[in-house]
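The values are calculated or read from the model by the stated rules, or taken from the named source; none is laboratory data. What you are looking at is a predicted structure, and each value in this text was computed from that prediction instead of being measured. All Cβ positions, glycine included, derive from the backbone under ideal geometry; neighbour counts span all protein chains shown. These accessible areas exclude ligands, DNA and RNA; they are computed on the full protein's heavy atoms, side chains included. Shrake-Rupley method; radii C 1.70, N 1.55, O 1.52, S 1.80 Å.
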Amino acid sequence: MRLPNWLGDTVMAVPTLRALRAALPAAELWCVGPWVSDILESEPGIARRLAPPRRVAGRLAQARRLSQAAFDLAVILPNSFETALAGRLARARWRVGYAADGRGFLATAWWMSFFPGIAMLLTVLAVNLMGDWLRDHLDPKLRQAGRATVTDAPLEASVEPAVGVAPAASGGRRAGLR
């Protein structure tokens with residue numbers, strides 16, 4: 001398991017490490033990361049704790065040496081191209097990690113992060129749209145303001161009504177439609 005480079009991120013990755021160990025209790029677990037010897041010192045069930053070398057060439061050489069261990073699974077938590085490449089160089093049979101920034105071809109199980117990400121996106125979108133709908137239909141002040149705007153609008157019979165659209169993702173620009 002390749003853990004993040006930052007101290008706080010490594011601490012937040014400990015539940016992932018524990019869940020992996022609980023899911024695969026017979027597996028020999030190796031952890032690589034700059035904070036593994038400090039943060040994971042008292043964590044049970046870790047066979048080896050390795051710190052990555054400081055230079056890029058040293059880290060890639062370490063990944064090549066790790067290929068001799070014949071890993072079945074590499075879980076790559078940092079979102080960087082270098083760590084995904086290191087997992088590929090280590091020749092793990094299955095490589096799981098983020099498939100962004102051109103790293104998809106380095107992972108063998110890209111769907112393990114892609115489909116949950118799509119599910120989270122759709123869930124957040126559905127909750128957001130439901131909240132907007134509820135507010136639009138249940139807020140009495142908003143309904144009264146809408147009625148007042150429509151009834152007080154000075155429209156001539158010969159002029160078609162104009163609709164203004166201001167989508168939030170347009171960078172603040174407003175578009176008018178007729």
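Against the conditions (1) out of contact with any helix residue (DSSP H, G or I) (no Cβ under 7 Å at 6 or more places or on another chain); (2) at pLDDT 85 or above; (3) closer than 11 Å to M1 by Cα, T83 satisfies every one except (2). Given the condition open to solvent by 90 Å² or more (accessible area, probe 1.4 Å) and either modelled with pLDDT under 65 or in contact with a helix residue (DSSP H, G or I) (Cβ under 7 Å, 6 or more places away or on another chain) (or both), answer yes or no: does some residue in region 125-134 qualify? Within region 125-134, none of the residues are open to solvent by 90 Å² or more (accessible area, probe 1.4 Å) and either modelled with pLDDT under 65 or in contact with a helix residue (DSSP H, G or I) (Cβ under 7 Å, 6 or more places away or on another chain) (or both).
Would you mind stating whether M1 is free of Cβ contacts under 8 Å to residues at least 60 places away in the same chain and closer than 24 Å to F114 by Cβ?
no
Residue pairs whose Cβ atoms lie under 8 Å apart, separated by 6 or more positions or on different chains, with the first residue in region 71-90 and of a type in the set (V, I, T) and the second open to solvent by 20 Å² or more (accessible area, probe 1.4 Å) and assigned to a strand (DSSP E or B), are V75/R2; V75/V96; I76/R2; I76/V96; T83/R2. Mind counting the residues in region 9-25 that are open to solvent by less than 40 Å² (accessible area, probe 1.4 Å) and either without any contact (Cβ under 8 Å) to a residue 24 or more places away in the chain or out of contact with any Leu (no Cβ under 6 Å at 6 or more places or on another chain) (or both)? Number of matching residues: 3.
Among residues of region 86-108 being modelled with pLDDT under 75 and under 21 Å from L17 (Cα atoms), the one that is least open to solvent (accessible area, probe 1.4 Å) is A107.
Just to be sure before I move on: is E28 surrounded by 14 or more Cβ atoms within 10 Å (Cβ to Cβ) and touching a residue at least 12 places away in the same chain (Cβ under 8 Å) in the structure I sent? When the stated conditions are applied, E28 does not pass them. Within region 61-79, the residues that satisfy the criterion of being open to solvent by 30 Å² or more (accessible area, probe 1.4 Å) and touching a helix residue (DSSP H, G or I) at 6+ places or on another chain (Cβ under 6 Å) are R64, L77. Scanning region 7-42 for residues that are farther than 15 Å from V75 by Cβ and of a type in the set (D, E, K, R) returns D38, E41.
Region 4-99 holds strands (runs of 3 or more DSSP E) entirely within its bounds, and those carrying 3 or more residues that are within 26 Å of F115 (Cα to Cα) and under 17 Å from the mean Cα position of the chain (by Cα) map to 94-97.
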